[in-house]
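The values are calculated or read from the model by the stated rules, or taken from the named source; none is laboratory data. Keep in mind that what you see is a predicted model, and the values were worked out from it rather than measured. FYI the Cβ positions are ideal-geometry reconstructions off the backbone, even for glycines, and counts take in every protein chain you see.
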Amino acid sequence: MEKHGYTNGRERMRTVSGKEVIKALLKEGFAIQRQRGSHVHLIKREDSQVRHVTVPVHGNRDINSFVFRSVARQAGYSYEQFCALF
């Protein structure tokens, strides 16, 4: 992982845009359910579990660390697992 962008308390995390997050989630089996304004809603069905994830896409602007962690939590990943997707 590149060492630029914002910090997670211990090391600097690579900054990513909403578009990059969506690409990574699509590779992990999520599907785009709908888009409302600048927010894309993705869904993933696993056995008896359904995961819903909302990702903000404001052009090529990077998402902040709080939103990054929130998306990771919604998708069912730990912070470290989610960072490994990029």
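Within region 44-58, the only residue that satisfies the criterion of being loosely packed, with under 11 Cβ neighbours inside 10 Å and either under 19 Å from A84 (Cα atoms) or small (G, A, S) (or both) is S48.
Residues are listed down the side, and each one gets a yes or a no for (1) surrounded by 18 or more Cβ atoms within 10 Å (Cβ to Cβ); (2) touching a helix residue (DSSP H, G or I) at 6+ places or on another chain (Cβ under 8 Å):
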position	(1), (2)
G18	yes, no
L26	no, no
I32	no, yes
L42	yes, yes
N60	no, yes
I63	yes, yes
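Scan region 2-25 and report the pairs whose first residue is at pLDDT below 55 and whose second residue is of a type in the set (F, W, Y) and surrounded by 13 or more Cβ atoms within 10 Å (Cβ to Cβ), with Cβ atoms within less than 8 Å and a gap of 6+ or a chain change. Listed pairs, sorted by first residue: N8/Y79.
Residues of region 38-71 that are of a type in the set (G, A, S) and either touching a strand residue (DSSP E or B) at 6+ places or on another chain (Cβ under 9 Å) or in contact (Cβ under 8 Å) with a residue 40 or more places away in the chain (or both): S38, G59, S65, S70. Here E80 meets the list (1) outside any helix (DSSP H, G or I); (2) on the phi < 0 side of the Ramachandran plot almost entirely, failing just condition (1).
Of the conditions (1) in a loop (DSSP other than H, G, I, E, B); (2) surrounded by 11 or more Cβ atoms within 10 Å (Cβ to Cβ), V67 fails just one. Which one is it? Going through (1) in a loop (DSSP other than H, G, I, E, B); (2) surrounded by 11 or more Cβ atoms within 10 Å (Cβ to Cβ) one by one, V67 breaks only (1).
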